[in-house]
Each structure stands twice: as C-alpha cells, then as structure tokens.
Amino acid sequence: MNLLMKKIVFLCTFFSVCHLFSQEDAWVFLKDKPNYAVYLESPLSILSQRALNRRARQNIPLDVKDVPVNASYCAQLQNATGITVLATSKWLNAIHIQGAQTAINELVATYSFIDEIEYANKALNAKRKRIKPPTTKHHTDKFANQVSELNYGSAETQITMLKGDYLHEEGYTGEGMQIAVIDAGFPNVDQLDAFERLRTNHKILGGYDFVNRSTEFYTGHNHGTNVLSAIGGYIEDVFVGTAPDASFYLFITEDAAKEVPLEESLWVEAAERADSLGVDVINTSLGYTTFDNANYNYSYSDMDGETTFISRGAAIGASRGMLLVNSAGNSGNDTWKYMGAPADAAAVFSIGAVNATRAIAPFSSFGPTADSRIKPDVLAHGQSVFVIDHVSGNPKTSNGTSFSSPVIAGVLACFWQAFPNLTSTQIMQRIRESADRYDSPDAQYGYGIPDFKAAYSAVLHTDEAYLMERIAISPNPVADTVVFTMNTTHSNQLSIQIFSTLGKKVFEEENLKSKTVDVSQLPGGVYILTIKSGTYQKTLKLIKK
C-alpha cells in the first residue's frame, strides 16, 4: 500500500471514529400525553385482561403512565434533521434519540412538546450530579466469567438452601405464574431437551428481540439460556429449575458485543411489554455502571435508585404490581465493588450470591446504595451453581449473581402462587424477614439467605387479615353442610355465627373444630354468616335451600 493510500485509510478511520463518538445519546422527556383520557376509558386498549387483574388484586389503578407515548411527537422527532429515534418509554414519557449535540440542542427551540433533554453524557447536562466516574474499563465480553415430587439432581442444593423444595411439596411449582426473563439471548431454548417440558406444555408464551427489533428470540448470547434454565429447566432425575411449571416470556435487550445507554431504554421497553401482558415476575441478570464511551459512565453517587434511566423505569414497573428481581452484580473483588443499576432501585429485589456452604461469594457486589439503603436484599446460591449448558444441554457449574437471581425469582413465583392476594411489596418484605441476617444486615450479605418455608408458615399463622380474605364457603346455596375453604391449622381459631336477615342469631360455634358445619336444621332462606378470628371479621351471605 503506497503512502497516499495509507493516509486516506487513516483519515477515513479517524473521521469514522470521530463521527461515532460525536453522535450523542439522549433522552427527550415530553410534556404531556394528549387524549390520554381516551386510553384510560378503554383499559383493554393498553393492557391485557391479565394485567388488569393483577392490578385489581393489588388495588393499583391505571394512570397516565400506562398510556403510550404520543405517536405524533415520536414521528416529528424521527423526521428531525440529524436525529435518530432508537426507543421510547411510556412510563417515563421519554424518547431515546441519537444525534450530534448541536442537532439535539435545537430540538427544544423547535418543538414545544419537549419538556427537557437529558444527555447520557452527564457533562452535557445543565445540572451535574456526578462527583467522579468509576474506574474506566473498556467493554469486553461481559458474560465471559459467568459460568410436586421432584428429584432435583444437580440442582438440589440451590433449591433446598432456600427451602424451595417445601413449596414444591405443598404443590406450588409456579403453575399459573408468568415470568419474563430479560437478557442477552436464548439460543437453543427451542431445541434442547432441558426445555422440552416447557415447550410441550406451551409454557413459553412468546418473546421479542428488542436489540434487533425482531420476533426471532431464540438467538443472541447464551447467557439468557443459562438464566432461564435456573428457573424453568427440567431433565428428569438430573436437573430441576426453581419454578418448573411457570410460564415464560423471553425478551432480548442486551447486546453482548457492546455496552451502550440504549440498552437501558430497551430494558424499560421490555418491562413495559411484560407489564402490559400481565407478567407477575421479571428476572433481570444485567446491570449497568460503565459503557464503551467512558463519558457515559456512572459514579457511585448515581447508584441511588433514582438517577439512572433504567432504575427510574424499574421503579415505575414495580409500582404497576410486578415483582422485579435483579442480580446485584459481580464486582465484589473490583475497585468498583458496588451493585449496578437497576439493582440500586428501592423497589427492585436485588440478589447477591453465596456458595453451596452458604459462604458469601467473593465476587458478589456490595451495597449500600448511595443514599444508604441496604443492598443486596437477599442471597442465593450463585457460586458453582448449576445451570444448563446451551450447547450440550447438560448441567454445568457457573458463577455469578446472574444465576442466584433466577434461582430466587423462581422460588418467589412459587411463593406468590401460594399467596396470590399478597402484593409484590408484601412478598418482598416477607422474604426479607425470613432471611438469616434480617436483624443484622450488612453491606455484602444484605439481609442474608431467605427461608421460604419459614415465610410460608409466617403468612399462614400470623397474617390474620390475609387468611380471613381467603376463607370461602361452598356450596352456596346449601342443603345440609357448609364446607369452609381455609388453612387447617387456622380453623380452631375461628368462631362462626349465623344471623337471620332480621339480625337474630340462629347458630354459633366457637373454636371451629372442622371445615364443615351442619346447617340442616335451619329453615330455607337467606342468612348472614359471620366469621371471626381475633380482631378480624368476614361476613358472607348464606342461602339455605
């Protein structure tokens, strides 16, 4: 190659690199959502019936955050000179764009619907929060070091450590629960025998590749396949995930080849999709602190649960009634030892890692958050934990909070299956309270290793209001015997009274001895049945034939 040609190649490369980094990432926050009331008057136009049912169980009303970003605003920005629209978020009413700084700055003066613009490069924002960036590290393969009556096989320790086997024995294996796994890819999930049980029983409900805007989601990095296996994998007598009968949506938001702010926006898009579908639990084994462009790096002061775009989105996702489970991170041995985003969000259940002997995994990231909250929340097996290899389809050991997170997520789904009327916030608190360091949490252990059997018993024996809500009677109308649906161990604490419609007591039994009451002696008609337990009371209408 002659000297002139070398200069031309050098200049082309130089200007290509300059152009790459002259393109800034930014979020455009919009002022409003015109005609939002029209959407709220037709809830099924924005959320599935399952999503609405989940909201109703937790008394969560719809609001303007559930309404899509205005399509006209998005189109106008897409048509703006020098601007590329990359993603949108209805929850944050924001549009992720890319363009030269001059082109982005012109938008505010041009479009009156823009409230503010926030650059991923914090130095370009008017208000600076960052004190100093963490140690800069160029991106490499971020996953390189992530390595009923059931015979759990190699997965036994990771399940029994949490007493997840007790929930399974009680019949709670995730049936009826929906889990979204948001990750980097799911190659061979459509082929491996370890996922045949999911496929045969139609437990994979769908998915989407947000990175490539593609409906093909059995692709990408194998990290997501490994993560999914910890929850839903099944090989008889060889390996069982923590929620083998749950149903799944598989979403790709992470491009393993690079680390860019767009991945935060894609994650929020996926979480919004999960919410609209009615998903109960989201597992995310991802976290964000540094990027390929060091100007976008976060500092520890940004880990307050309210600064990063992804953590703000996660907080809104949790407010919709979903349970968001996130790996704390694998930076415990690094100069940057803290959790990443969105594990810093207060409403996100952040999971650290231990080994099979319950000792902390040295790589497990530390808390607290920048605003001094306890993180991680709890711990699970994540060092030398078993997952399914995406090539051979056999169990293998791997390391990372990437895997302790789905181990917990699956057991949480089983626990919520047992107590569907508890809110997501109540579920998280019950599990924290069951953990072995609840009374003395620290920066790396958080509240410690949870005991799901203890949490289950605590709800059954101490949550009177919940138990009263769950009590039902049948048949109704009744001929001779009323049958009560309730917890057996709780029945002898109940008192039953039956009143006529005129208020006269016609039947009473203290300390109910069984789940049945003989009412054959009562004349036909309508009665009021009152059930009491301590200070709690429930009233039902009883029709006697």
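Things worth noting here:
- Against the test of being buried (at least 24 other Cβ atoms within 10 Å of the Cβ), closer than 23 Å to ALA271 by Cβ, among the β-branched types (Val, Ile, Thr) and more than 13 Å from the chain's Cα centre (by Cα), the options VAL325, VAL348, VAL378, VAL385 yield a single qualifying residue, VAL378.
- Evaluating SER214 against the criteria (1) farther than 15 Å from ASP183 by Cα; (2) surrounded by fewer than 20 Cβ atoms within 10 Å (Cβ to Cβ) leaves one unmet condition, (1).
- In segment 340-368, the residues that are on the phi > 0 side of the Ramachandran plot reach residues that are open to solvent by less than 10 Å² (accessible area, probe 1.4 Å) and at pLDDT 95 or above with C-beta atoms within less than 8 angstrom, at least six apart or across chains, in these pairs: ARG358/ILE449.
- Of ASP25, ASP32, all but one fail to be more than 25 Å from THR425 (Cβ to Cβ), in a loop (DSSP other than H, G, I, E, B) and either open to solvent by less than 40 Å² (accessible area, probe 1.4 Å) or at pLDDT 95 or above (or both); the exception is ASP32.
- Meets criteria (of a type outside the set (D, E, K, R), open to solvent by less than 60 Å² (accessible area, probe 1.4 Å), under 25 Å from THR160 (Cα atoms) and modelled with pLDDT of 85 or more) for PRO441: yes
- Residue match in segment 275-291 (condition: in contact with a Phe, Trp or Tyr (Cβ under 8 Å, 6 or more places away or on another chain) and in a helix (DSSP H, G or I)): yes
- One residue stands out among those in segment 168-191 that are more than 30 Å from THR219 (Cβ to Cβ) and over 20 Å from the mean Cα position of the chain (by Cα): the one that is surrounded by the fewest Cβ atoms within 10 Å (Cβ to Cβ), which is GLY171.
- Within segment 406-456, tally of residues that are of a type in the set (Gly, Ala, Ser) and in contact with a Gly (Cβ under 8 Å, 6 or more places away or on another chain): 6
- Exactly one residue out of ASN188, ASN201 is at pLDDT 95 or above, of a type in the set (S, T, N, Q) and under 20 Å from ASP389 (Cα atoms), and it is ASN188.
- As for segment 536-543, it holds at least one residue that is outside any loop (DSSP other than H, G, I, E, B), among the basic types (Lys, Arg) and either open to solvent by 20 Å² or more (accessible area, probe 1.4 Å) or touching a helix residue (DSSP H, G or I) at 6+ places or on another chain (Cβ under 7 Å) (or both).
- Pair list, Cβ under 7 Å, 6 or more apart: segment 421-443 residue at negative phi and among the charged types (D, E, K, R), other residue assigned to a loop (DSSP other than H, G, I, E, B) and open to solvent by less than 50 Å² (accessible area, probe 1.4 Å): ARG432/ASP377; ARG432/TYR447; ASP436/GLY448; ASP436/ILE449; ARG437/TYR445; ARG437/TYR447; ARG437/GLY448
- Within segment 276-288, the set of residues being open to solvent by less than 20 Å² (accessible area, probe 1.4 Å) and of a type outside the set (A, V, I, L, M) comprises GLY278, ASP280, ASN283, THR284, SER285, TYR288.
- Selection of segment 184-233 for residues being of a type in the set (Gly, Ala, Ser) and farther than 21 Å from ARG50 by Cβ yields ALA184, GLY185, ALA194, SER214, GLY220, GLY224, SER229, ALA230, GLY233.
- Only a single criterion out of (1) within 24 Å of GLY99 (Cα to Cα); (2) open to solvent by 10 Å² or more (accessible area, probe 1.4 Å); (3) touching a Leu at 6+ places or on another chain (Cβ under 6 Å); (4) of a type in the set (S, T, N, Q) is not satisfied by THR307, namely (3).
- Only residues that are open to solvent by less than 30 Å² (accessible area, probe 1.4 Å), more than 16 Å from the chain's Cα centre (by Cα) and either under 13 Å from PRO376 (Cα atoms) or not aliphatic (A, V, I, L, M) (or both) were counted across segment 402-431, and they come to 1.
- Applying the condition of being closer than 15 Å to THR335 by Cβ and not small (Gly, Ala, Ser) to segment 291-304 and asking which residue is surrounded by the most Cβ atoms within 10 Å (Cβ to Cβ) yields MET303.
- Criterion applied to ARG273, ARG373 was being out of contact with any helix residue (DSSP H, G or I) (no Cβ under 9 Å at 6 or more places or on another chain) and either surrounded by 21 or more Cβ atoms within 10 Å (Cβ to Cβ) or under 28 Å from PRO68 (Cβ atoms) (or both), and the one residue passing it is ARG273.
- Filtering segment 219-258 to residues that are more than 21 Å from THR160 (Cβ to Cβ), among the charged types (D, E, K, R) and open to solvent by 30 Å² or more (accessible area, probe 1.4 Å) leaves ASP255, LYS258.
- Whichever residue in segment 351-364 is in a loop (DSSP other than H, G, I, E, B) and either at pLDDT below 95 or open to solvent by less than 10 Å² (accessible area, probe 1.4 Å) (or both) and, among such residues, is farthest from GLY224 (Cα to Cα): ALA361
The values are calculated or read from the model by the stated rules, or taken from the named source; none is laboratory data. Keep in mind the model is a prediction, meaning the values are calculated, not measured. As a convention, Cβ positions derive from the backbone with ideal geometry for all residues, glycine included, and neighbour counts pool all protein chains shown. Each accessible area value is taken on the protein alone, full model and side chains, heavy atoms only, with ligands, DNA and RNA left out. Shrake-Rupley method; radii C 1.70, N 1.55, O 1.52, S 1.80 Å.
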